[in-house]
Amino acid sequence: QTSMKNMERELVCPVCKEMYKQPLALPCTHNVCHVCASEVLLQHGHLYCDPTSEPTSPAATPSTRSPRLGRRVVPKPDRLDRLLKSGFGTYPGRKRGAVHPQTVSFPCPACQRDVDLGERGLGSLFRNLTLERVVERYRQTINISAAIMCQFCKPPQLEATKGCTECKSSFCNECFKLYHPWGTQKAQHEPTPPTLTFRPKGLMCPEHKEEVTHYCKTCQRLVCQLCRVRRTHTSHKITPVLSAYQALREKLTKSLAYILSSQDTVQTQIAELEETVKHTEV
Ligand SMILES: [Zn+2]
Ligand SMILES: [Zn+2]
Ligand SMILES: [Zn+2]
Ligand SMILES: [Zn+2]
Ligand SMILES: [Zn+2]
Ligand SMILES: [Zn+2]
């Protein structure tokens, strides 16, 4: 079973070390945020121009910006001028089929290979929508999981995997063992699935100061008993926190496995192609 920490590692951009924002799929099977990719190109002297996006695209809104952008070094005008004159990189207004077509090579931060992006640069790459959805799902899962952590762990808390009706508590595997030592009366306690009802103080609804018990799928947020009867959630899909979490987590594990396996497939195909090329050359 994939742990949440392992999962998170697969969802982190090799450039900004944060979870992917609008990831682009590189031909070497690695991914990099849209913003980070343009930053990498800029650092390598390419003037960045993405023909597929307008300045008003989500990539340019402050909320999706990589924090590193704040420290971005903007080329000085004279350097810009020189770059333009040398025909280096891509820039607005360049005509297709110019006399000296310049292909953009992208140094992949994950495998250190120089990936050929052709003339269109980043515009030739596809946005990895599957990965984007997985990241979104992961965020939701993490959101919910805050409500069902082990009550006894020292931080970082582990996910609660067992409950005990007699102790009126939820535990992770380790803490359950620790609080029910072998050979004592407590060892007789039967573990149940973890529930929220034992929690002395669970996550509170900021609006009603009531404990959250359910998850509204439509609003993608945790709700309390009072929220549930509110008109805002009428006809919304509302499920108990625990089952919402388990369902999301399962989906997440599956889609992550899918992404990883399709990466393997691409790698195999590349290897096979390289083999074929070798053989045809001989
Ligand atoms: Zn990034
Ligand atoms: Zn790579
Ligand atoms: Zn624990
Ligand atoms: Zn117990
Ligand atoms: Zn509420
Ligand atoms: Zn709702």
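The values are calculated or read from the model by the stated rules, or taken from the named source; none is laboratory data. This structure is a prediction, so every number in the text was calculated from the model and none was measured. All Cβ positions, glycine included, derive from the backbone under ideal geometry; neighbour counts span all protein chains shown. For accessibility, only protein heavy atoms count, side chains too; no ligands or nucleic acids. Shrake-Rupley method; radii C 1.70, N 1.55, O 1.52, S 1.80 Å.
Summary of values
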{"item": "Residue match in region 266-274 (condition: surrounded by 15 or more Cβ atoms within 10 Å (Cβ to Cβ) and either touching an Asp or Glu at 6+ places or on another chain (Cβ under 6 Å) or touching a residue at least 40 places away in the same chain (Cβ under 8 Å) (or both))", "result": "no"}
{"item": "Region 150-180 - residue that is open to solvent by 80 Å² or more (accessible area, probe 1.4 Å) and modelled with pLDDT under 85 and, of those, farthest from ligand 5 (Cβ to nearest atom)", "result": "154"}
{"item": "Hey, residue 183 out of contact with any Gly (no Cβ under 7 Å at 6 or more places or on another chain), in the same structural domain as residue 104 (by TED's automatic domain parsing) and more than 22 Å from residue 253 (Cβ to Cβ) or not", "result": "no"}
{"item": "Looking only at region 182-196, and only at residues there that are over 19 Å from residue 213 (Cβ atoms) and either buried (at least 19 other Cβ atoms within 10 Å of the Cβ) or away from ligand 4 (no atom under 11 Å from the Cβ) (or both), the one that is farthest from the chain's Cα centre (by Cα)", "result": "183"}
{"item": "Every residue from region 115-145 that is open to solvent by 50 Å² or more (accessible area, probe 1.4 Å) and not polar (S, T, N, Q)", "result": "116, 119, 120, 126, 127, 129, 133, 136, 137, 139, 142"}
{"item": "Extreme residue, nearest to ligand 3 (Cβ to nearest atom), among residues of region 4-19 that are at negative phi and open to solvent by 50 Å² or more (accessible area, probe 1.4 Å)", "result": "5"}
{"item": "Unmet criterion (only one of (1) without any contact (Cβ under 8 Å) to a residue 60 or more places away in the chain; (2) in contact with a strand residue (DSSP E or B) (Cβ under 6 Å, 6 or more places away or on another chain); (3) open to solvent by less than 60 Å² (accessible area, probe 1.4 Å); (4) among the aliphatic types (A, V, I, L, M)) for residue 203", "result": "(3)"}
